[in-house]
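Notes follow once the structure below has been shown.
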Amino acid sequence: GKESPKLTVTPTEIALYTEGTTQITTNANDATFAVEDDFYASVESNGLVTANKVGETEIIVNSTLGTANVPVVVLPQYTLYPDVDGLVGKSTSAVVDVMGNSYETSTSNDGELEYIYYNPTSYCDLLGFTFSGGRCNAVVAFIPTPYTTKITKALIERYNIVGMQNDYYFFLNHDENVTIALTVYTAKYIGVVYM
């Protein structure tokens, strides 16, 4: 009539900054650990979790005592403006839903509609969105050069670095459907382009 033990896991949820670590412990000697999406975090065979990129995933703990899912949230240390990679491919109304109504409109040299947000944050002097066929096809951010280190770290903690060419540093987002390019635009600005 003795009840079988159930799997217990500590902690039951995890929040870390990029490159932070924490140890998952269990009451099971045969526990195995796996991660749902290793873009955001990784886990070693002993349950040591390391935060990789900003976002969310889960660690799955399996044993003969049961299974447990441990949510992992990787928090940003650097946020200079809203994360805009998810807006590439979205409609004008989706951009306004995230960014607000304080934009000015213009037309690019190619005749495309542009929404320009001046000084959206204290770190960013301009966020510009270009639209083709009613969908956002590119976003540009101009960051004053004193924030070069911060914008570089913000991109590294969110995206994978894929290389450098002609003074541009290239990154890819999680789904590998948006390329991010960082360059020194002028002596005054760092330019970041999402396309």
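Some points to look at:
- Filter result (open to solvent by less than 50 Å² (accessible area, probe 1.4 Å) and under 28 Å from Lys150 (Cβ atoms)) within the stretch 36-55: Asp37, Phe39, Tyr40, Ala41, Ser42, Val49, Thr50, Ala51, Asn52, Lys53, Val54, Gly55
- Residues that are at negative phi, surrounded by fewer than 19 Cβ atoms within 10 Å (Cβ to Cβ) and in a strand (DSSP E or B), drawn from the stretch 143-180: Pro144, Asn160, Ile161, Val162, Met164, Gln165, Tyr168, Tyr169, Phe170, Leu172, Thr179
- Among the residues here, Met195 does not qualify as within 27 Å of Val74 (Cα to Cα), open to solvent by 80 Å² or more (accessible area, probe 1.4 Å), without any contact (Cβ under 8 Å) to a residue 24 or more places away in the chain and touching a strand residue (DSSP E or B) at 6+ places or on another chain (Cβ under 9 Å).
- Leading residue by the ranking (nearest to Val140 (Cα to Cα)) among those in the stretch 181-192 that are in contact (Cβ under 8 Å) with a residue 12 or more places away in the chain and assigned to a loop (DSSP other than H, G, I, E, B): Tyr185
- The condition of being surrounded by 15 or more Cβ atoms within 10 Å (Cβ to Cβ) and free of Cβ contacts under 8 Å to residues at least 60 places away in the same chain holds for only one of Glu58, Glu19, that being Glu58.
- Qualifying positions in the stretch 67-96 - more than 24 Å from Ala15 (Cβ to Cβ) and open to solvent by less than 50 Å² (accessible area, probe 1.4 Å): Leu87, Val88, Gly89, Ser91, Thr92, Ala94, Val95, Val96
The values are calculated or read from the model by the stated rules, or taken from the named source; none is laboratory data. This one's a predicted model, so the numbers in the text were calculated from it and none came from an experiment. Methodologically, a virtual Cβ is constructed for each residue, glycine included, from the backbone with ideal geometry; neighbour enumeration extends over all protein chains shown. When the accessible area is computed, the model is the full protein with side chains, heavy atoms only, and any ligands, DNA or RNA have been set aside. Shrake-Rupley method; radii C 1.70, N 1.55, O 1.52, S 1.80 Å.
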